Amino acid sequence: MQALDLHCQMILEEYRECLPELERLKTSVLTALQEALERAGLIVTAVEARVKTEESLAGKLALKGNKYATLSDITDLVGARVITFYTDDVDRLASMAEQMFEIDWANSVDKRKLHQLDSFGYNSLHYICRLPDSDFRFELQLRTTLQHAWAAINHDTGYKSGIEIPRDYMRRMNRLSGLLELADDEFSRIRTELTDYRRRVQTLVQNGKLDDVLLDGDTFRSYLQAKPLDALNKRIAAINQAEIQEAPLDRYLRVLKALNCNTLGDVSRLIKRYTDDAYLLARHQLGNTDIDIISSAIGLQNICIVCILSTGGGKIGLERLFNVLNGHNSQNTALAELTYNQALNLPFMN
């Protein structure tokens, strides 16, 4: 590194004196970003901030120190970066930053608009910002995870180092750049389409058009929001005046599909068909006990049990059910035997 002239040495000395203030600025920026993300409920890959090291600043001054009259003219003494999962979250974060900070528009740049052939990894949005009452500006970089990974790979390989790169290597890197940019766009598009799909499903469920909704994890969760099993669970709880503890029902999706439920309409009909028998089974199970806490899964579990037994599935069918719900273990055989015997004399068995 070449020796610094007196002017650059004075800027470097000013940096040393202001280092505590720069550290406070870094902490304030980082805290502001983290709190804003939490308020917005926005999940990102990383939130980072750093103060430029003395060595890095000296290198910058050696190259172009005559550009800066004072230390405060340097805009990247403090740098912050937010790395998002999706490209559209970059725009959302940009809007948040514009409300949180004073933006130096003259020195900010949206590199996404440059559309250079090999620019994917450098497509970050760079804002030069200032906090109220701060003497120094800071740089805020917003980019996606794939853009960040690409930039890191390029830095590691020296792709932008100024050294002449073999054409075959450049061609392969540019091909990968295009693939990653396509992937970035597709991830955002898929998320948008899934959001639209979930909204359509919710509308169909709310309008009672359950036969138009295929049964899958998303639609099942949407259906459960209408609490179709609440009435049955409350009837069962009333047997012993028991408390109902909430339990996840996701694992029943496989069971319902095995019982030939292909749409939410099929699930609704299954519940209606077997609700009364599921209650009879619960009464037989709980009537002579002092159990005062039951799971919110008991209604659906008993519906599945009744369906299996009333259609001839027997003990083997019950054991398969418990293997899905509880995982394969030796106790499921005994549980299937017990459940079968509890149901043996109930009307749906005849």
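The values are calculated or read from the model by the stated rules, or taken from the named source; none is laboratory data. None of the values given here were measured: they were computed from a predicted structure. Glycine gets a Cβ as well: all are built from the backbone with ideal geometry, and neighbour counts include every protein chain shown.
How many of the residues in region 180-214 are within 23 Å of PRO228 (Cα to Cα) and either in contact with a Leu (Cβ under 7 Å, 6 or more places away or on another chain) or modelled with pLDDT under 90 (or both)?
Here the count works out to 15.
When you scan region 5-57, how many residues do you find that are more than 18 Å from MET100 (Cβ to Cβ) and either touching a Leu at 6+ places or on another chain (Cβ under 6 Å) or charged (D, E, K, R) (or both)?
16
Given the structure, is ILE244 in contact with a strand residue (DSSP E or B) (Cβ under 9 Å, 6 or more places away or on another chain) and at pLDDT 95 or above? Talk me through it step by step, then tell me what you get.
On the way: in contact with a strand residue (DSSP E or B) (Cβ under 9 Å, 6 or more places away or on another chain): yes; at pLDDT 95 or above: yes.
It is true that ILE244 is in contact with a strand residue (DSSP E or B) (Cβ under 9 Å, 6 or more places away or on another chain) and at pLDDT 95 or above.
Within region 316-350, how many residues turn out to be surrounded by fewer than 16 Cβ atoms within 10 Å (Cβ to Cβ) and either in contact with a strand residue (DSSP E or B) (Cβ under 9 Å, 6 or more places away or on another chain) or not in a loop (DSSP other than H, G, I, E, B) (or both)?
As a first pass, look at region 316-350 and keep what is surrounded by fewer than 16 Cβ atoms within 10 Å (Cβ to Cβ): 316, 323, 326-331, 333-334, 337-338, 341-342, 344-345, 347, 349-350.
Now restrict to residues that are either in contact with a strand residue (DSSP E or B) (Cβ under 9 Å, 6 or more places away or on another chain) or not in a loop (DSSP other than H, G, I, E, B) (or both): 316, 323, 326, 331, 333-334, 337-338, 341-342, 347, 349.
Number of matching residues: 12.
Suppose we filter ALA238, ALA183 for residues that are assigned by TED's automatic domain parsing to the domain that holds ASN326 and part of a helix (DSSP H, G or I); which single one remains? Give the derivation first.
Details: ALA183 fails: assigned by TED's automatic domain parsing to the domain that holds ASN326.
The match here is ALA238.
Select from region 186-218 the residues that are assigned to a loop (DSSP other than H, G, I, E, B) and out of contact with any strand residue (DSSP E or B) (no Cβ under 7 Å at 6 or more places or on another chain) and list them in ascending order.
Here is the first cut: in region 186-218, the ones assigned to a loop (DSSP other than H, G, I, E, B) are 207-209, 213, 215-216.
Answer for region 186-218, where residues must be assigned to a loop (DSSP other than H, G, I, E, B) and out of contact with any strand residue (DSSP E or B) (no Cβ under 7 Å at 6 or more places or on another chain): ASN207, GLY208, LYS209, ASP216.
In region 59-105, what residues are without any contact (Cβ under 8 Å) to a residue 12 or more places away in the chain and over 17 Å from ARG39 (Cα atoms)?
Answer for region 59-105, where residues must be without any contact (Cβ under 8 Å) to a residue 12 or more places away in the chain and over 17 Å from ARG39 (Cα atoms): LEU63, LYS64, LYS67, ALA69, ASP73, TRP105.
Would you be able to say whether some residue in region 273-285 is assigned by TED's automatic domain parsing to the domain that holds ALA336, surrounded by fewer than 21 Cβ atoms within 10 Å (Cβ to Cβ) and more than 22 Å from MET349 (Cβ to Cβ)?
Checking region 273-285: not a single residue is assigned by TED's automatic domain parsing to the domain that holds ALA336, surrounded by fewer than 21 Cβ atoms within 10 Å (Cβ to Cβ) and more than 22 Å from MET349 (Cβ to Cβ).
Of all the residues that make up region 256-273, how many are farther than 10 Å from ILE303 by Cβ and touching a residue at least 24 places away in the same chain (Cβ under 8 Å)?
9
Of the residues that make up region 327-347, is at least one over 17 Å from LEU232 (Cβ atoms), touching a helix residue (DSSP H, G or I) at 6+ places or on another chain (Cβ under 6 Å) and in contact (Cβ under 8 Å) with a residue 60 or more places away in the chain?
Yes: one or more hits.
Here's a check for you: in region 76-98, which residue that is touching a Lys or Arg at 6+ places or on another chain (Cβ under 7 Å) and either of a type in the set (D, E, K, R) or at pLDDT 95 or above (or both) is nearest to SER124 (Cα to Cα)?
By that ranking, first place goes to ILE83.
Here are the criteria: (1) among the hydroxyl-bearing types (Ser, Thr, Tyr); (2) within 20 Å of PHE85 (Cα to Cα); (3) surrounded by fewer than 12 Cβ atoms within 10 Å (Cβ to Cβ). Tell me which single one THR70 does not satisfy.
The single condition THR70 does not satisfy is (2).
How do the pairs read when you match residues in region 274-292 that are part of a helix (DSSP H, G or I) with residues anywhere that are among the polar types (S, T, N, Q), using Cβ under 6 Å and keeping only pairs 6 or more apart or on different chains?
From residues that are part of a helix (DSSP H, G or I), the pairs are ALA278/ASN302; LEU281/ASN302; ALA282/ASN302; HIS284/GLN342; GLN285/GLN342; LEU286/ASN240.
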